[in-house]
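Can you keep this structure in mind? I'll have questions shortly.
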Amino acid sequence: MKHSRLGIASFIMSIVIGVLVLVTIVTAGVMQVSTPGGMDENAPTTILIGLAILLLLGLDVVAIGLGIAGVFQKDCKKVFAILGLVFSTGIIIGTVALMIIGNSMP
């Protein structure tokens with residue numbers, strides 16, 4: 001039995017997206033701390049960072065779809081599909097949790 005190509009794609013996408021989300025959130029945090037008074041919500045860089053996070057989360061939904069498709073493929077190993085699903089779901093939950101925590105802070 002061979003590994004599911006959809007599962008492998010889901011796994012690779014989830015790893016790359018996870019790293020990019022982490023880099024984007026760290027960048028936003030550094031910008032927030034290093035700017036006196038915090039980041040301006042209407043600044044182009046702030047909007048760009050927000051859009052980047054939303055785009056990455058949208059791509060993560062695609063990775064979840066590929067993982068689900070990989071799980072339902074017959075005659076294929078499902079390890080990478082399940083890992084892709086778990087990682088992608090974790091990334092979405094973690095990012096949304098950070099957004100909620102960051103939004104509730106004064």
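No value in this document is a laboratory result; all are computed from the given coordinates. Just so you know, these numbers come straight off a predicted model, no measurement behind them. Backbone-built Cβ (ideal geometry, glycine too); neighbour counts: all protein chains shown.
Cut-off under 13 Å on the C-alpha distance; same-chain residues fewer than 8 positions from K2 excluded. Which aspartates and glutamates are left, in chain and number order?
Counting by Cα, and skipping residues close in sequence, K2 has these aspartates and glutamates nearby: D75.
Continuing with this model, one more query. Does anyone have the angle between helix 79-104 and the longest principal axis of the chain? Alpha-carbon axes, 0 to 90°, nearest 10?
On a 0 to 90 degree scale, this one is about 20.
If you bin the C-alpha pair distances of the chain every 10 Å from 0, what whole percents do you get?
16, 39, 24, 14, 6, 1
Turning to a different aspect of this structure: Among 32-39, 10-17, what's the highest-first ranking by average C-beta atoms within 10 angstrom per residue?
Highest to lowest by the protection proxy: 10-17, 32-39.
Oh, and also: Return the distance in nm (one decimal) between the two label points of a simple spin-label model at S34 and I101, each offset 7 Å from Cα along Cα→Cβ.
2.2
Pairing the Cα long axis of helix 5-34 with the longest principal axis of the chain, what angle in degrees results, from 0 to 90 and rounded to the nearest 10?
That helix lies at roughly 10 degrees to the long axis.
Against the longest principal axis of the chain, how steep is helix 44-71, in degrees 0 to 90 to the nearest 10, with axes from Cα atoms?
With rounding to tens, the tilt is 10 degrees.
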